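Okay, so here's the structure we're looking at.
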Amino acid sequence: MSGILSLTCSLRPGESATSFVSRLAARNHVASATDFSLDMGLTFQAVVDGDPSALDKIARLSGMPASDLERGSIRKIGTRYQLGGERLSKANLRRSRLCACPVCLRDDLNAAIHGGEPTPYGRTEWLLAVMRACPIHACALVEVAAAPDGAPRSAHDFTLLLREQLPDLDRLIDCVPPRKPSSLEGYVRGRLQGAMGRAPWLDRMELHAAITTSEMLGVLVTVGPAARLRALGEEDWHAAGDVGHTLAREGESAIKRVLSEVQQASV
């Protein structure tokens with residue numbers, strides 16, 4: 001099926017719907033995803049929110065299957081969010097910062113894409129705050145851009161935000177710290193792909209609750225009960241997620257044992 005647009009893009013593996021629309025805008029020489037969406041008779045915010053009608057229209061314009069776009073979309077439902085059938089909270093999402101693996105970005109630039117499509121592209125999982133390491137390159141995800149003050153929607157305009165940062169990509173790669181994905185990241189990635197059964201106690205929770213439970217348990221163990229959460233950095237949260245999920249996947253008995261040990265140590 002051919003799209004209405006004469007200049008279109010192909011959806012890349014793991015690409016977010018917002019990144020796809022951002023690249024479509026650049027492909028059609030439009031200044032921003034916001035302007036492009038308005039030109040197409042919809043709003044970019046509707047794409048950001050995963051509105052099915054907006055995604056269906058983008059699918060018809062680009063010739064991409066709507067189901068593929070939905071797979072890479074985080075849908076807003078009231079005050080909650082949904083990705084791949086899993087429920088998330090706003091705290092689980094990166095809404096004003098653009099984080100990415102700089103090595104993936106370099107690989108995107110080096111890969112030849114037929115038709116001169118804009119590269120690099122944003123991965124859906126980079127929009128999740130719990131994802132702090134690249135499973136391909138075993139390095140940290142780093143902040144490569146942030147939304148300008150007063151323009152929060154542009155945080156999702158991947159191509160626009162990244163354009164000015166690309167000349168600095170080599171420096172980002174040189175400075176990126178090594179980091180393997182945590183146990184929690186592997187669990188979240190598995191659940192989003194439909195894998196269940198390896199952590200039955202957590203599997204009974206909605207995903208946002210499983211993430212919070214694992215991270216807070218990990219903070220209790222790695223930092224202590226007096227931890228100041230706002231003072232914790234990405235490496236602290238990464239370590240907490242790894243330790244916390246490793247304990248939580250063992251179930252209630254392991255959690256009770258840890259809580260008892262922490263209580264005894266505080267006496």
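The values are calculated or read from the model by the stated rules, or taken from the named source; none is laboratory data. Just so it is clear, the model here is predicted, and its values are computed rather than measured. When we count neighbours, we look across all protein chains shown, and the Cβ atoms used for this are built from the backbone with ideal geometry, even at glycine. Ligands, DNA and RNA are excluded from the accessible area calculation, which covers all protein heavy atoms including side chains. Shrake-Rupley method; radii C 1.70, N 1.55, O 1.52, S 1.80 Å.
Overall shape of the stretch 118-267 was characterised from the C-alpha gyration tensor. The equivalent ellipsoid obtained from it has semi-axes of 32, 18, 14 Å, in decreasing order. Residue ranking by accessible heavy-atom surface, 1.4 Å probe, largest first, among Trp237, Trp126 comes out as Trp237, Trp126. For the pair Arg204 and Asp168, the difference between a 0.36 nm per residue extended length and the Cα-Cα distance amounts to 8.6 nm.
Remark on the chain: Cys9, Cys99, Cys139, Cys175 stand apart, with no other cysteine beta carbon under 4.7 Å.
Summary value for the stretch 147-267: 26 percent relative contact order, contacts being C-alpha pairs under 8 angstrom separated by 6+ residues.
Neighbours of Cys99, meaning other residues whose beta-carbon lies under 11 angstrom from its beta-carbon, give a summed charge of +1 when Lys and Arg score +1 and Asp and Glu score -1. Here the alpha carbons of the stretch 148-219 define both size measures, Rg and Dmax, at 17.6, 46 Å. Per residue, the convex hull spanned by the alpha carbons of the stretch 84-202 comes to 135 Å³. Bridging of Lys90 to lysines at a Cα separation below 27 Å is possible for Lys57, Lys76, Lys180, once same-chain residues fewer than 8 apart are set aside.
Distance between the pseudo-spin-label points of Ser253 and Ala91 (7 Å out from Cα toward the beta carbon): 3.0 nm. Entry comment: accessible area of the chain is 49 Å² per residue, from protein heavy atoms only and a probe of 1.4 Å.
Compute the long axis of helix 207-222 from its Cα atoms, compare it with the longest principal axis of the Cα atoms of the chain, and write down the angle in degrees, 0 to 90, nearest 10. Once rounded, one gets 50 degrees. Ranking Ala155, Cys134, Leu166 by Cα position along the charge dipole of the stretch 119-168, where only Lys, Arg, Asp and Glu carry charges on their C-beta atoms, puts Cys134 farthest toward the positive end.
Our helix-only sum for the chain, with -39,500 (n - 2.57) per DSSP H run of n ≥ 4 divided by its residues, gives a mean residue ellipticity at 222 nm of -13000 deg cm²/dmol.
Ordering Arg23, Arg95 by accessible surface, largest first, gives Arg95, Arg23; the 1.4 Å probe counts only protein heavy atoms, with every chain in place. Sorting Lys76, Lys90 by accessible area puts them as Lys90, Lys76; the probe is 1.4 Å, largest comes first, and only protein heavy atoms count.
Have a look at His245, Ala231, Trp201 and report the one farthest towards the positive end of the charge dipole of the chain, computed about the Cα centre with Cβ charges (Lys/Arg +1, Asp/Glu -1). Going by the Cα projections, it comes out as Trp201.
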